[in-house]
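Beneath this line is the structure, given in structure tokens, with notes to follow.
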Amino acid sequence: MTDEQNTVQRLIAGDVKAFEKVFRDYSRELYFVALGLSRDQAVAEDAVQESFVYLWSHREQINVKHSLVNYLRKMVRNYVLNYMRHQKVRAEKEADIIREQVFLNEEEEDITPKIEAIRSVVDSLPEGCRKIFVMAVIEGVSYAETAESMGVAVNTVKSQVRIAYKKIKESVQNNPDNTALTMLFLLSLKKML
């Protein structure tokens, strides 16, 4: 058994001294791997720390096939890549929220009349068409379930939804502020009814 294999076996058994040895031997190298990927010292430090915390708390599941350093490099690399993916998704979501807030803040004083205009269009639909539209589109019930609940064919649901969208589209096109009305319709569809 090699020195490394012995250290890994002791680590799996919960030997704190073996864990400290692994940390001393590899933490600096792992820091530079993480820094090279992230170009951020704080992220690199977190990657090393979290990887060693994970290593200790999951030591019984360690499966080192080739070498411990490669195993640790992979852990650090995965942490950094997951962090970067999370940051990208977070930035995209924040941008979406900011865009919505800017839109709503710009239009804040006009929102109530626009919601009423949309509600009026939906309310003006024939009763069956309105019920199908509300259930299938606003409430998000599948076309098949809507058809079963209303006692009609799935094709009837599809055609009634198409009719409702056509009437709403005509209303939006006839409105002088149709862009804002369209955006408001998309943002507040589920909230208004």
Q | Residue among Ile118, Ile132, Ile138 that is in contact (Cβ under 8 Å) with a residue 60 or more places away in the chain and under 32 Å from the mean Cα position of the chain (by Cα) | A | Ile118
Q) What number of residues within segment 151-191 satisfy the criterion of being more than 15 Å from Val134 (Cβ to Cβ), of a type in the set (Gly, Ala, Ser) and at pLDDT below 80? A) 2
Q: Please identify the pairs in which a residue from segment 1-27 that is assigned by TED's automatic domain parsing to the domain that holds Arg59 and part of a helix (DSSP H, G or I) has its Cβ atom under 8 Å from the Cβ atom of a residue that is of a type in the set (A, V, I, L, M) and loosely packed, with under 15 Cβ neighbours inside 10 Å, counting only partners at least 6 apart or on another chain.
A: Val8/Ile62; Gln9/Met1; Leu11/Ile62; Ile12/Ile62
(Q) Whether any residue in segment 15-23 is crowded, with 16+ Cβ neighbours inside 10 Å, over 16 Å from Asn70 (Cβ atoms), acidic (Asp, Glu) and modelled with pLDDT of 90 or more is what I want to check. (A) no
Q. Is there a residue in segment 139-149 that is aromatic (Phe, Trp, Tyr), touching a helix residue (DSSP H, G or I) at 6+ places or on another chain (Cβ under 7 Å), modelled with pLDDT under 85 and not in a loop (DSSP other than H, G, I, E, B)?
A. no
Q: Collect the residues in segment 59-69 that are of a type outside the set (Lys, Arg) and either surrounded by 11 or more Cβ atoms within 10 Å (Cβ to Cβ) or within 25 Å of the chain's Cα centre (by Cα) (or both), keeping them in residue-number order.
A: Ile62, Val64, Ser67, Leu68, Val69
Q.
When you check Glu92 against the structure, is it part of a helix (DSSP H, G or I), out of contact with any Lys or Arg (no Cβ under 9 Å at 6 or more places or on another chain) and modelled with pLDDT under 80, yes or no?
A. yes
Q) When segment 39-66 is examined, which residues are found to be more than 14 Å from Leu11 (Cβ to Cβ) and not acidic (Asp, Glu)? A) Arg39, Gln41, Ala42, Val43, Ala44, Ala47, Val48, Gln49, Lys65, His66
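The values are calculated or read from the model by the stated rules, or taken from the named source; none is laboratory data. Everything quoted here is computed from the prediction, not taken from an experiment. Here Cβ is always computed from backbone atoms with ideal geometry, including for glycine, and neighbour counts include all displayed protein chains.
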